[in-house]
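Chemist: One structure is given below, represented as structure tokens, and several questions about it will come after.
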Amino acid sequence: MSASSPMEVSMQNPQDGGIGDQNGGVTINSAPSPILPQDKVLVSVEVSLKPSSTARANDVQSAVERMLEKRSLSYSDGPVPVPLDDRFLTENVQSICICDTDEWVQNHEILLFWQVKPVVHVFQLSEEGACEDVSGDGQPSTFNEWILPAKEFDGMWESLIYESGLKQRLLRYAASALLFTEKGVNPFLVSWNRIVLLHGPPGTGKTSLCKALAQKLSIRFNSRYPQCQLIEVNAHSLFSKWFSESGKLVAKLFSKIQEMVDEENNLVFVLIDEVESLAAARKAALSGSEPSDSIRVVNALLTQLDKLKSAPNVIILTTSNITAAIDIAFVDRADIKAYVGPPTLQARYEILRSCLHELVRTGILSHLEDCESMLPNFASLKEKLNMPEVQDAQTPLHLCKQLFETAEACEGLSGRSLRKLPFLAHAALANPYGCDPSKFLSTMTDTARRERSELPD
Ligand SMILES: Nc1ncnc2c1ncn2[C@@H]1O[C@H](COP(=O)(O)OP(=O)(O)OP(=O)(O)O)[C@@H](O)[C@H]1O
């Protein structure tokens, strides 16, 4: 994902000629061709209010729209500075961020202000944190609950890096499902459901992606659903050794969810990790290897989930490490099934690059003042690698080549392992203070090779 901030551009208006529109308003050529309003690209602008702000969302939205109109911005993902001369905005707004332009701005195309219709979403993060279900009796909690959008999920969506289009596709699917519900589309005539299944190997970010998706949707749909909750069901704890108590726990969990769902202004996300554990529990129950009341518990859970999925304001998010078909009726019919695989070379490069940026920001890596140009994004990398000065180890461009080699050495590692790699490399350094980036990168490559050699066949 591009992290470059939007820049001010001085550009001719389409009516004056100079910039044309061939494919939805994003290509640039010399032939004058006026853009029609219906050709404009919708771009989301997310506006986070300060925790102390009591301003009305509508007032902030209008103020941001006015501000964007006044400025000739080029649009790419990233923060827009809050204008210091606007007292209302500086008092109330924490950050303004442009989102979802990446699919339009590939291949160095840029989106210019007149090609865009900004859609402004104003929100305030909840700082309440996770609320655990404390059932007492020493039993593990059966669920965690968050009010969305939550502070702990802020930035999670942006930190997850996949091949282009996966996140956008998920967001669009889920948004369409909510829109169909909102518009009252008759399910007998057009059928759809609100179940998402992400499957793939461990550590590829499935659970994080579910949480981040819920957070995004809570922001994008906050005018229709002013309240939003995420319930993370701990399926393992439901089927633990306290089976005799499990019936009560399932009943308690679903009566709580039902209460939330009955509020029609509430949007409720139910997250079930490792959904295959439900199928396994049912199988074990049926084979008689589990206590007899376990059959009732598993069936109760599946029936409740089945019932829940017909509620218009619920989205069920599930993950599984098993890529084969999962034998559970309610996910069988998931409309949104996405395979989340190990990161590609490009994703590995970008994940490691974001780690290095963080180490520079926190002062752990030094001598990398201009991080953005020394470690360019993957799109600009290829061009740079062909430049002769890259061969000279003294020039800063040598670093991006090294980072590229580290990313190559990480083939087969999960996103989770990649995010741990800089830490392991740092711990392996003899002199970790004031660490030199080139030395750090070669230690990271060695660490990656070692990690790979320890992977099971
Ligand atoms: N594609 C990715 N881009 C960036 N970070 C990633 C990616 N994949 C995984 N990660 C990192 O790995 C961490 C762990 O991911 P998460 O627990 O969501 O994976 P998972 O697929 O649900 O794993 P499991 O199946 O083992 O529960 C994430 O918080 C994130 O920091």
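Just so it is clear, none of the values below were taken in a lab; they were calculated from the coordinates. Note that the structure is predicted; figures quoted are calculated from it, not measured. All Cβ positions, even for glycine, are placed from backbone atoms using ideal geometry, and neighbour counts span all protein chains on display.
Chemist: Do any trypsin sites (Lys or Arg not before Pro) in region 39-70 lie in a DSSP loop with no more than 11 other beta carbon atoms within 10 Å, and if so, which?
Modeler: Sparse-neighbourhood loop trypsin sites (Lys or Arg not before Pro): Arg56.
Chemist: If you don't mind, there's one more thing I want to ask. Show the residues, 5+ positions off or on another chain, whose built amide H is closer than 5 Å to the amide H of Phe143.
Modeler: Long-range HN contacts for Phe143: Asp133, Asn234.
Chemist: Of the peptides 224-230, 411-417, how do they stack up when ordered by the mean number of other Cβ atoms within 10 Å, highest first?
Modeler: Top to bottom by mean Cβ count within 10 Å: 224-230, 411-417.
Chemist: Between the alpha-carbon centers of region 48-65 and region 141-216, tell me the distance in whole angstrom.
Modeler: Rounded to whole Å, the Cα centres lie 25 Å apart.
Chemist: If amide H atoms are built 1.01 Å from N in the plane of the peptide, which residues on other chains or at least 5 residues away come under 5 Å of the amide H of Lys117?
Modeler: When sequence neighbours closer than 5 places are left aside, the close amide H contacts are Val41, Leu42, Val43.
Chemist: Here is the link list: Lys211/Lys307; Lys117/Lys401; Lys151/Lys337; Lys50/Lys248. Which ones come out longer than 30 Å on Cα distance?
Modeler: The pairs that break the limit, which is 30 Å between Cα atoms, are Lys117/Lys401; Lys50/Lys248.
Chemist: Tell me which residues come under 5 Å, amide H to amide H, from Leu271 once H is placed; ignore anything under 5 positions away on its chain.
Modeler: Here the answer is Ile231, Glu232, Val233, Leu317, since their amide H atoms fall under 5 Å of that of Leu271.
Chemist: Show me the ranking of peptides 197-203, 345-351, 174-180 by mean Cβ neighbours inside 10 Å, starting with the highest.
Modeler: The most tightly packed comes first, giving 345-351, 197-203, 174-180.
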